[in-house]
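Asker: Structure incoming, see below.
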Amino acid sequence: MKTRYNTYAILFLLLLSLGCKNTSDEKQSTLKNDTETQTITEGDDHANDEHSDHIELSTSQLSDLNITIDTISNRNMSGYIEVNGTLGVPPQNEAVITTTIGANISQIKVIEGDYVKKGQVVAYITHPDIITIQTDYLQTLNKLSFLEQDFKRQQTLYDQGVASGRDYQQAKSTFNSTSGLAKGYASQLRLLGLSPQQIEAGNIAESAPLRSPINGYIEKVFVKSGQYAQPQTPLIEIVNTEHIHLDLMVYEKDISKVKNGQTVRFNVESIGNTELTAKIYSVGKTFEDGPKALHIHAEIENKNNQLIPGMYVNAQIITENTTEKAIAESAIFRDGAYSYVFVAKKINASVWEFTPEEILIKNTSNGFSAFQFKKQQETTVLVAQSGAYYLISELKKGEAEHSH
């Protein structure tokens, strides 16, 4: 009986030993599996790191996004002064038409925006005084003819010693006075736009023309047909835009940087983003108060027919020129105090790889930034010339996908 119990004890110890061994093996297997899983996970994280520093785009994608790839070019990076002003014309290129006498507007021949030539009739005026001046002129001419004959007769008699000196002097005085009166009437008629020769021929006009004194465009018409116009009242304004120029205001602190011959870049809101240029030809010598500034005049080089006097302009007066490596602002991604461009590398005929590279910006002018790479790059390095924010968004999108 004792032998049987001993046998059972041996079997129990043997089973217990086997159980402990299996448990140890399972633990070791589990530890091994955990280690392998950790190794794989770390490998994936490393793979993510490798994939997160660049993106790949096809040539068709680049075309759709208007992203071009090129080397970094040199650009004229200019120092400049920001100024404001308006478009204007010289005083001799503006005119106001008035009338010398009070009269009614009988006819208007133009509308605002019409182009007229010097001497062209723009309106007609009527008034009884216009007819009176013409008839007075004719009467004076007829009287002058009689007085001229009488003067010559008295002069002949005086020279022969037959007539008295008093009669001769009176005839001469009357003739000269009437002659002066006739010339005065003739001048008035010319101011009214009427021809004395036509009136001498018996052609009495019922209305007087108003003529343009310059070539130019009708800017404003202040009257209507039938309206009574007072003497010297502005009726029509004309402007010649052939010599339209910039009238800029430069503040006192910047005056020392401005001189004749400097280039001005400017744009006008009404014609979009078109950049125009001008050259400074006159710097004012008298300050204008409130604010204290000088008038600067610049001749426009690439005139546009859409430019109209009085338009507001934003301008930059170029004070210095330097040539530096520069790229468009749209090719730069800014992240706080850091800035990046995307270096491009061709993978194959239809795929490009883009990698962000940190840059140090020197200065920015007119939409371009001069810069240098933080890490040295080849001079022939290719860079995306635009679309920086799209590229960075695609890069972040790729990081998010790999993190899952």
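Asker: I need the per residue convex hull volume for the stretch 203-305, using only the alpha carbons, in cubic angstrom as a whole number.
Answerer: Per residue, the Cα convex hull of the stretch 203-305 comes to 204 Å³.
Asker: Hey, got the Cα dimensions of the stretch 116-239 along the principal axes, in Å, largest first?
Answerer: 67, 27, 24 Å, listed from the longest principal axis down.
Asker: How high is the relative contact order of the stretch 254-295, in percent, counting Cα pairs under 8 Å that sit 6 or more residues apart?
Answerer: 33
Asker: With every protein chain present, what accessible area does THR100 have (1.4 Å probe, heavy atoms only), rounded to the nearest 10 Å²?
Answerer: 60
Asker: Still on this structure, I have one more. Over the stretch 293-355, what relative contact order in percent results from Cα pairs under 8 Å that are six or more residues apart?
Answerer: Computed over the stretch 293-355, the figure is 14 percent.
Asker: Of the peptides 247-260, 273-286, how do they stack up when ordered by the mean number of other Cβ atoms within 10 Å, highest first?
Answerer: Per-residue mean Cβ counts within 10 Å order the peptides as 247-260, 273-286.
Asker: Go through the stretch 146-153 residue by residue and turn each phi into a ³J(HN,Hα) via Karplus (6.51, -1.76, 1.60, θ = phi - 60°); whole Hz please, and just put x for glycine and proline.
Answerer: Residue by residue, the stretch 146-153 yields 5, 5, 5, 5, 5, 5, 5, 5 Hz.
Asker: Here is a follow-up. For the stretch 229-246, in order, what is each residue's ³J(HN,Hα) by Karplus, 6.51 cos²θ - 1.76 cosθ + 1.60 with θ = phi - 60°, in whole Hz (x at glycine and Pro)?
Answerer: Each residue's phi maps through the Karplus curve to give 10, 6, x, 6, 7, x, 10, 9, 10, 10, 9, 9, 8, 4, 10, 5, 9, 8 Hz.
Asker: Which far-off residues, 5 or more places away or on another chain, put their amide H under 5 Å from the one on ALA103, with H placed in the peptide plane?
Answerer: ALA229
Asker: If you don't mind, there's one more thing I want to ask. With every protein chain left in place and a probe of 1.4 Å, what is the accessible surface of SER177, to the nearest 10 Å²?
Answerer: Looks like 70 Å² after rounding.
Asker: What order do ILE308, ILE392 take when sorted by accessible area (1.4 Å probe), most exposed first?
Answerer: ILE308, ILE392
Asker: May I pose another question? I need to check one value: relative contact order of the stretch 171-286, counting alpha carbon pairs closer than 8 Å and at least 6 residues apart, in percent.
Answerer: 14
Asker: At q = 0.15, 0.25, 0.27, 0.32 Å⁻¹, what base-10 log of I(q)/I(0) does the Debye formula yield for the stretch 258-306 when every alpha carbon is treated as an equal point scatterer in vacuo?
Answerer: -0.50, -0.92, -0.96, -1.11
Asker: Further question: Treating cross-link reach as a plain straight distance, find the lysines whose alpha-carbon is under 16 Å from the alpha-carbon of LYS375, omitting any fewer than eight places away in the same chain.
Answerer: LYS375 reaches LYS325, LYS362.
Asker: Another question, then. Excluding ALA278 itself, what net charge comes from residues whose Cβ is under 9 Å from its Cβ, given Lys and Arg +1 and Asp and Glu -1?
Answerer: Cβ neighbours under 9 Å give a net charge of 0.
Asker: Once phi is turned into ³J(HN,Hα) by the Karplus curve 6.51 cos²θ - 1.76 cosθ + 1.60 with θ = phi - 60°, what whole-Hz value does each residue of the stretch 376-391 show in order, with x for glycine and proline?
Answerer: In residue order, the calculated couplings are 4, 10, 5, 5, 9, 4, 8, 9, 5, 8, 6, x, 4, 6, 5, 4 Hz.
Asker: Additional query: Which of the lysines could a cross-linker bridge to LYS224, judged by Cα under 18 Å and excluding same-chain residues fewer than eight apart?
Answerer: In chain and number order, the partners are LYS109.
Asker: Express in Å², to the nearest 10, the accessible area of HIS295 obtained by rolling a 1.4 Å probe over the protein heavy atoms while all chains stay in place.
Answerer: 60
Asker: If one computes the Cα centroid of the stretch 153-224 and of the stretch 246-300, what distance in Å separates the two points?
Answerer: One Cα centre to the other: 50 Å.
Asker: Related question: At q = 0.16, 0.18 Å⁻¹, what base-10 log of I(q)/I(0) does the Debye formula yield for the stretch 265-404 when every alpha carbon is treated as an equal point scatterer in vacuo?
Answerer: With no solvent term, the Cα-only Debye profile gives -0.97, -1.08.
Asker: Give, in whole angstrom and from largest to smallest, the semi-axes √(5λ) of the equivalent ellipsoid of the stretch 164-212, with λ running over the eigenvalues of the Cα gyration tensor.
Answerer: 32, 11, 6
The values are calculated or read from the model by the stated rules, or taken from the named source; none is laboratory data. Just so we're clear, the structure is a prediction, and the values are computed from it rather than from any experiment. Backbone-built Cβ (ideal geometry, glycine too); neighbour counts: all protein chains shown. When the accessible area is computed, the model is the full protein with side chains, heavy atoms only, and any ligands, DNA or RNA have been set aside. Shrake-Rupley method; radii C 1.70, N 1.55, O 1.52, S 1.80 Å.
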